[in-house]
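Okay, so here's the structure we're looking at.
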Amino acid sequence: MAQAPMISVPLKATNEIDWITPLKSYIQNTYGDDPERYAEECATLNRLRQDMRGAGKDSTAGRDLLYRYYGQLELLDLRFPVDEQHIKISFTWFDAFTHKATAQHSLAFEKASIIFNISAVLSCHAAHQTRTEEAGLKTAYHSFQASAGMFTYINENFLHAPSSDLSRDTVKTLISIMLAQAQETFLEKQITDQKKVGLLAKLSSQAATLYAQAVEGVQENVNKAIFEKVWLLMVQCKFNLTSSMAQYYQALADDDANSHGMAIARLQVAEAHAREANKIANSFPSSVPPSSNLTTETAPILAEITKRHHTAVQEKLSELTKDNDYIYHQPVPAEAAVAPVAKLPAAKPIPVSELYAGQDIQRITGPDLFAKIIPLAVTESASLYDEEKAKLVRAETERVDTANGEMAASLDYLRLPGSLQVLKGGFDQEVIPDEDFRTWCVDVSDHESPGKIFDSLAAEKQAVLAILDKSTKQLDMEESVCEKMRSKYDTEWTQQPSARLTTTLRSDVRNYREALEEAARSDGQLAMKLRANEAEFDEMRVAAQSGEIDSLFQRAVSKGRKASIQHSPAENLLDADFDDGKPSVVDQIAKVDDILKRLNLIKKERVQVLKDLKEKAHNDDISQILILNKKSIANFEQQLFQAELEKYRPHQNRLVQASHKQAALMRELTVTFNSLLQDKRVRAEQSKYESIQRQRASVISKYKRAYQEFLDLEAGLQSAKNWYREMKETVESLEKNVETFVSNRRAEGAQLLNQIEQDRAASKSAQAAMEQERLRGLMERMSMEPPPSSPKPPGSARNAPAPLSFSPTGPMYPKTNFNGQYQLPSSPPPGQTTSPQSYMQQPTQGGFNGLSYNPSSLGRIPGPASPPPTQTNFSMGPGARGPASPPPNQTSFPQPGRHSTYGNPAAIQQQQQQQQQQHLQQQAQQQQHNFVPPGFVPPPPPPGPPPLGPQQTMHYNTHDYYGANQNAGRPPSAQQPPQPQHGQGDPWAGLSAWK
């Protein structure tokens, strides 16, 4: 027998779109992320839409493709606003019935169209099932209800439908058709199973009601040219058929209930509906439009079904009428008096959430493509949830800490488990040191020995003192030499006294010595601290290096125990047990030990539960849940948080139970241990236990103090090492300054000494020449011969000599610039008005041409060119007198250097020529062994340099203290004759040996 045809909804068609470009642009602009990181996700979404367009309309695969794409759209909507203002994509869909195109930028339109197609696919899948088989019938029954559920979702969540197929009236009509067909499918199953006619009547009545609702909606949509007319004929036929079936099965029920008259009336009504249904079926067109999703076999199948049912009704009506006429004679009510058949709904819309009930929805929809992108609102909500988690974890942590603290305090008050160990093993057991004691010993061993540090400090101190002594000796020697030279040369030694120049250096030396004395006092204090604790330091160091820290602690404790052990030998309580009617000591100790073990287990369990709670809270991320509930989270945020926090309830309950167990065990432990301590066999041992504890505390206190002293000593020694290192660097800098000062003073003294000796040599030569001139003049006066009348020899002319032109033929003396730290003074000593030229630069005007004056450049000078600055004439020595009158051929004494050539350049040139001639004549005379022809008058001396004094350039002399060569660099003709040696009996002769 052919199954009744069913209506299926056609699918909506759509155009192709591009998801990739708009999504990448939004990710870059809004989330500030690299869009290429999501290239694969965007491509996957685009491919899902392409696959959805070709989904089959009568298979579960097509349904899953549509639902997978729809699931990704729901997740996408939580992160990306797809509309005209943000991600602008034009979605074009064609009406499923009118085929008109509709385009919108709203993601809601896309989702509604997808859901419509899911409903259509479900209806097609149900309509094509073979309902004569049980599996097919169940699938059809479920799919019709699921289709109605999806259509219901459209009406509940999408308003303002842009196309007619999504309008509320159209969707409502489709819901009625799907539910009516689901009810009809269930009815077919019950008829096949030959259920009671009363049940079948109620199911048929409900199906007729649903088809009646569908007829109204289809009629309206046909009038609007939305649905095909064949749909109207289909639902009208089904309405009459199910109405007839409802009356037919109810008539059978009435007949069974002896209501023969009512049964006949119902069969009359059923016969009228069956006749109408058969009439519509016979008028059904043989060819149907493709959009109606009906086949060409629909018309004959409907005609056959309706005809068969109509025949069955007629036969039953004839049978009951005959029986009533001949047997029952019950009145037959009019049609208007026939009561409606009761209804029994067997179909209802299946919600979307239950569509895949019992299946892995994640497997169908696939993973969240954009799970890595978390919206800001979700992040804020997740932060609030994290704070709620943190509050819960803090509360439970505080609960655990409180319970652990109470246990520790109670055990410490009872002196457990230490007291129990003493009672179990007496005092012969090992005394274990604290971890702090081990740390102290290891730390002392790791540090450098204080004795070695003191040795290094002493060496540093001696090095600093040696440098200070050396610097002081150099300054003293320099000052001594300077003052001896001042005593020897009197006013000629113009070098400044060293005392005023070395004030700063000597002050630094004195300050450094005072600082060393203060440091020595500090070192003494550190040494006293070392001597006071050296024994403890050595013990701790040796114990750590040899690995005998425990032995050291035990020896220290045992020293205080020997006396008490000798007076009261230790006795093991387990060996001294005896029976006095009470539990033995062994049993009491075992009971206490068992309670302690149970307490430790509770503590471990509590700590582990708290650890699990923290780990679970750390890994608890409800971002995805918040994303899925993003649209409703504003109103139900706290309710959602509370629901999620319920997952921690088991951990909280376990912690509470652990606290209760601990409290009970602590009460039991207190009673049991106090009972043990009150035992007279135990009471005697309490004093021993307290004694050992006091001794232990004393040892700890002793080594703690020693360790603190060690830390203080180490800190002081480190500071001392740093101080001595810095002091050594400072005095080394001072030593360099002293050496620079002494070197500069030595160079200056050598220059001054050389100048003094040159001045003295020049003075002696000038005096000898003047004496010869005086004697010659006297001889000329005493001569009775008249002066010769012959022409004057060229060399006797008394023309004014030209000024000297200083040429750098002799040795030039360096202008020393002392760059030491302590500069020489720039002002002259108090005894002179001009500075010595060792302090000042040479003048560059007045005929010196910027060069230092060098008397040796003129050869041998017969005498001084001018008297010293303290005289008005030359001193001729004791008893000597100058010439009383000038020579006969002169009217006055010649005045060297007084010939004026101002304004007469020719005279200047003539004087220079005369000077050169005179110089050549002098050299010729020297070559002739100083032979003077008769009547020769020596020329006047050339204009000499300024009077020799302390302001002249200093020259080096090497035969004395300063180690220069007086004649070095002079030409042989300009060297002085050998001077008499004064070393014999000279008290200054030894100065030349000091450097």
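The values are calculated or read from the model by the stated rules, or taken from the named source; none is laboratory data. For clarity, every value in this text was computed on a predicted model and none was experimentally measured. Ideal geometry is used to build each Cβ from the backbone, glycine not excepted, and the neighbour counts take in all protein chains shown. Surface accessibility is based on the protein's heavy atoms, side chains included, excluding ligands, DNA and RNA. Shrake-Rupley method; radii C 1.70, N 1.55, O 1.52, S 1.80 Å.
Provide the solvent-accessible area of Leu414, counting protein heavy atoms only and rolling a 1.4 Å probe, rounded to the nearest 10 Å².
20 Å²
What length, rounded to one decimal in nm, is gained on full extension from Phe636 through to Gln545, with 0.36 nm per residue of separation minus their alpha-carbon distance?
Gain on stretching Phe636 to Gln545: 26.0 nm.
Keeping all protein chains in position, work out how much accessible area Ile373 exposes to a 1.4 Å probe, and write it in Å² to the nearest 10.
Ignoring ligands and nucleic acids, Ile373 comes out at about 10 Å².
Run the reach check for Lys279 against aspartates and glutamates, Cα to Cα strictly under 13 Å, same-chain hits fewer than 8 apart removed. What comes back?
Once the sequence-local aspartates and glutamates are set aside, what remains near Lys279 is Glu271, Glu304.
What's the magnitude of the charge dipole for the range 5-148 around its Cα centre, counting Lys and Arg as +1 and Asp and Glu as -1 at the beta-carbon? Answer in Debye, nearest 20.
For the range 5-148, the charge dipole is close to 420 debye.
Only residues of the range 91-116 count here: report those whose backbone N is under 11 Å from the spot 7 Å along Cα→Cβ of Ile17, or say none.
Under 11 Å, as judged by backbone N against the label point of Ile17, lie 91-93, 103-114 of the range 91-116.
Taking the alpha-carbon distance from Lys702 and a cut-off under 17 Å, which aspartates and glutamates remain once sequence neighbours fewer than 8 residues away in the same chain are dropped?
Within reach: Asp434, Glu435, Asp436, Asp443, Glu534, Glu536, Asp538, Glu539, Asp550, Asp712.
Can you find, among Gln85, Ala4, Phe158, the residue sitting farthest towards the positive end of the charge dipole of the range 1-159, where Lys and Arg contribute +1 and Asp and Glu -1 at Cβ?
Toward the positive end, the furthest listed residue is Ala4.
Quick one: ranking Trp723, Trp493 by accessible area, 1.4 Å probe, largest first, what do you get?
Order by accessible area, largest first: Trp723, Trp493.
Efficiency by 1/(1 + (r/R0)^6): what FRET value for Ala339 and Leu199, r their Cβ-Cβ distance, R0 = 30 Å, to the nearest 0.05?
0.95
Could you check the simple spin-label distance between Thr321 and Arg694, using points 7 Å along Cα→Cβ, in nm with one decimal?
Between Thr321 and Arg694, the label points sit 12.6 nm apart.
Could you state how much accessible area Arg266 has, in square angstrom rounded to the nearest 10, with a 1.4 Å probe and all protein chains kept in place?
20 Å²
Quick check: net charge around Val341, other residues with Cβ under 11 Å of its Cβ, Lys/Arg +1 and Asp/Glu -1?
Around Val341, the surrounding residues sum to +2.
So what J values fall out for the range 206-222 if you push phi through Karplus, 6.51 cos²θ - 1.76 cosθ + 1.60 with θ = phi - 60°, rounded to Hz, Gly and Pro as x?
Each residue of the range 206-222 in turn: 5, 5, 5, 4, 5, 5, 5, 5, 5, 4, 4, x, 5, 4, 5, 6, 5 Hz.
Please work out the FRET efficiency for the pair Asp33 and Asp612, using the Cβ-Cβ distance as r and a Förster radius of 41 Å; give the result to the nearest 0.05.
E(calc), rounded to 0.05, equals 0.70.
Within the range 28-66, what residues put their amide N at less than 19 Å from the label point 7 Å along the Cα-to-Cβ vector of Thr379?
Output list for this probe position: 28-38.
Quick one: pull the percentage of alpha-carbon pairs in the range 468-531 with a separation above 16 Å.
60 percent
Treating cross-link reach as a plain straight distance, find the lysines whose alpha-carbon is under 18 Å from the alpha-carbon of Lys389, omitting any fewer than eight places away in the same chain.
Hits, sequence-local ones excluded: Lys611, Lys614, Lys616, Lys647.
Around Val9, what is the net charge, scoring Lys/Arg as +1 and Asp/Glu as -1 over all other residues with Cβ under 10 Å from its Cβ?
Taking every Cβ under 10 Å from that of Val9, the sum is +1.
Using 32 Å as the Cα-Cα cut-off, could you pick out the over-long pairs in Lys100/Lys202; Lys424/Lys529; Lys195/Lys348; Lys238/Lys316?
Over 32 Å Cα-Cα: Lys100/Lys202; Lys424/Lys529.
Calculate the dipole size of the range 412-566 relative to its Cα centre from +1 charges on Lys and Arg beta carbons and -1 charges on Asp and Glu beta carbons; express the result in debye to the nearest 20.
440 debye
Between Gln657 and Ala499, what is the label-point separation in nm under the 7 Å Cα-to-beta-carbon projection?
For Ala499 paired with Gln657, the spin-label model returns 10.2 nm.
Considering only protein heavy atoms, with the full assembly of protein chains and a 1.4 angstrom probe, order His273, His329, His86 by accessible area, largest first.
Result, largest first: His329, His86, His273.
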